[in-house]
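Visitor: Please find one structure pasted underneath; my questions will follow.
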Amino acid sequence: LAVSTLAALHRVNWKSRRAAWGDPQPLSEEINRLDHLLDRPTLDPREVACAPKLRDKLSSTVPDTPPGCVHGDFHWGNILFSGGRVAALIDWEMALLGTTLLDLGWLCFFADPGPGVDLRGMCRVAPLTPDEIVSTYLESGNFAVSHKDVNWFRAFASFRLGVLACFNVMLHRRGK
């Protein structure tokens with residue numbers, strides 16, 4: 001259900017929403033935003049030591065994917081279920097017009113216990129594995145998406161969460 005909802009969001013005609021949401025943001029904008037979070041002297045250098053190398057590797061292989069409506073933080077904890085259905089999506093503060101695979105990679109990351117962040121227990125509906133998510137997404141949306149591109153966005157989701165975690169740890173350590 002959640003994956004079908006994600007596919008439905010990505011099928012929305014984004015062009016008619018430009019007046020409210022602005023022009024589609026290229027993925028380079030998200031990478032720059034993350035760089036801005038990493039470029040702080042208050043971050044522990046040991047915690048971010050490998051980040052530039054990973055960023056550079058990701059930046060050199062950015063897939064060219066079509067734009068659409070992006071939630072920006074699509075995971076089990078931001079989906080409200082009622083009666084076995086998706087009742088609402090919450091936490092839209094990162095929504096944008098951009099590459100929709102940001103959402104798919106993010107959801108797959110949170111469904112994958114491999115990186116050590118298994119948040120599947122955040123919902124009562126039995127979650128899918130990352131491979132099942134991708135299969136359901138492709139079937140629900142009838143999208144032409146390569147598995148190579150999906151894997152890139154899964155890796156990018158790991159990088160993105162790592163940057164956000166380092167930044168938040170720094171804020172907490174400073175009492176902010």
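The values are calculated or read from the model by the stated rules, or taken from the named source; none is laboratory data. Keep in mind it's a predicted model, so treat the numbers as computed, not measured. As a convention, Cβ positions derive from the backbone with ideal geometry for all residues, glycine included, and neighbour counts pool all protein chains shown. For the accessible areas, the whole protein counts, side chains as well, though only heavy atoms, and no ligand, DNA or RNA atoms are used. Shrake-Rupley method; radii C 1.70, N 1.55, O 1.52, S 1.80 Å.
Visitor: Compute the helix-to-body angle for 130-141: its Cα long axis versus the longest principal axis of the chain, expressed 0 to 90° and rounded to tens.
Guide: 50
Visitor: To the nearest 500 deg cm²/dmol, what mean residue ellipticity at 222 nm is calculated for the chain from DSSP H runs of n ≥ 4 alone, each contributing -39,500 (n - 2.57), summed and divided by the residues?
Guide: Roughly -15000 deg cm²/dmol at 222 nm, from the helical runs in the chain.
Visitor: Which value, in debye to the nearest 20, gives the size of the charge dipole of the chain about its Cα centre, when Lys and Arg are +1 and Asp and Glu are -1 at the Cβ?
Guide: Dipole size: approximately 300 debye.
Visitor: Hey, another quick one. Can you work out the Karplus-derived ³J(HN,Hα) for every residue in region 36-46? Use 6.51 cos²θ - 1.76 cosθ + 1.60 with θ = phi - 60°, whole Hz, and x for glycine or proline.
Guide: Ordered by residue, 3J(HN,Hα) equals 4, 5, 6, 8, 9, x, 7, 7, 6, x, 5 Hz.
Visitor: Test of understanding: what is the full-extension gain from His147 to Trp21, defined as 0.36 nm times their sequence separation minus their Cα-Cα distance?
Guide: 42.5 nm is the gain from fully extending His147 to Trp21.
Visitor: Here is a follow-up. Read phi for every residue in region 147-155 and hand back ³J(HN,Hα) as whole Hz from Karplus 6.51 cos²θ - 1.76 cosθ + 1.60, θ = phi - 60°, with x for Gly and Pro.
Guide: Each residue of region 147-155 in turn: 5, 4, 5, 4, 5, 4, 5, 5, 5 Hz.
Visitor: Sequence neighbours fewer than 8 away in the same chain don't count; with that in mind, list the lysines whose C-alpha is under 27 Å from Lys15.
Guide: Of all the lysines, those that pass the test against Lys15 - Cα under 27 Å, at least 8 places apart if same chain - are Lys148.
Visitor: Leaving ligands, DNA and RNA out of it, report the carbon-plus-sulfur percent of the accessible area of the chain at a 1.4 Å probe.
Guide: Reported share for carbon and sulfur atoms: 53 percent.
Visitor: Where a ≥ b ≥ c are the square roots of the eigenvalues of the C-alpha gyration tensor, would you call region 6-139 rounded, which needs a/c under 1.5, or, failing that, prolate if a/b is larger than b/c, or oblate?
Guide: oblate
Visitor: Can I ask one more? For the ranges 128-136, 163-171, what's the packing order if you count other beta-carbon atoms within 10 Å of each residue, average per peptide, and put the highest first?
Guide: Order by mean packing, descending: 128-136, 163-171.
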